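Peer 1: Attaching a single structure in structure tokens format; questions to follow.
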Amino acid sequence: MKKRRKAKTAQHGGRQHLEKVGTHSHEAAVHEQQLERDAVMDTMGLGGVGGAGKVIVWVVLGLFAVAGIIGLLVLITF
């Protein structure tokens, strides 16, 4: 049987090939998610709002969602 050889690395110690097609680095995924969040804020008309304004909007929307779920549960149980 032949012995398997270790894969050679470049002189600088890194890999010599590129990532597989379709794989994303962590930074690319984070950047894409940020673009999606920005697109949602633009759709809601809040694209130019600062960071604190966005947090306030998300908190208010979250409170509406929780109130809606609680309201549905109250209607179902009574």
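Peer 1: Do we find a residue being assigned to a loop (DSSP other than H, G, I, E, B), touching an Asp or Glu at 6+ places or on another chain (Cβ under 8 Å) and modelled with pLDDT of 75 or more anywhere in the stretch 8-24? Walk me through how you get there before you give the answer.
Peer 2: First, pick out the residues of the stretch 8-24 that are assigned to a loop (DSSP other than H, G, I, E, B): 8-24.
If we keep only those that are touching an Asp or Glu at 6+ places or on another chain (Cβ under 8 Å) as well, we get 24.
Right, trim to modelled with pLDDT of 75 or more and you get none.
There is no residue in the stretch 8-24 that is assigned to a loop (DSSP other than H, G, I, E, B), touching an Asp or Glu at 6+ places or on another chain (Cβ under 8 Å) and modelled with pLDDT of 75 or more.
Peer 1: Can you tell which of Val49, Val66, Val57 is assigned to a helix (DSSP H, G or I) and at pLDDT below 90?
Peer 2: Val57
Peer 1: I need every pair where a residue in the stretch 10-36 that is of a type in the set (D, E, K, R) has its Cβ under 9 Å from the Cβ of a residue that is modelled with pLDDT of 75 or more, sequence separation at least 6 or different chains.
Peer 2: Partner pairs satisfying both residue conditions: Glu19/Ser25.
The values are calculated or read from the model by the stated rules, or taken from the named source; none is laboratory data. Worth saying up front: this structure is predicted, and the values here are computed from it rather than measured. Counting neighbours? That spans all protein chains shown, and the Cβs are built from the backbone with ideal geometry, glycine included.
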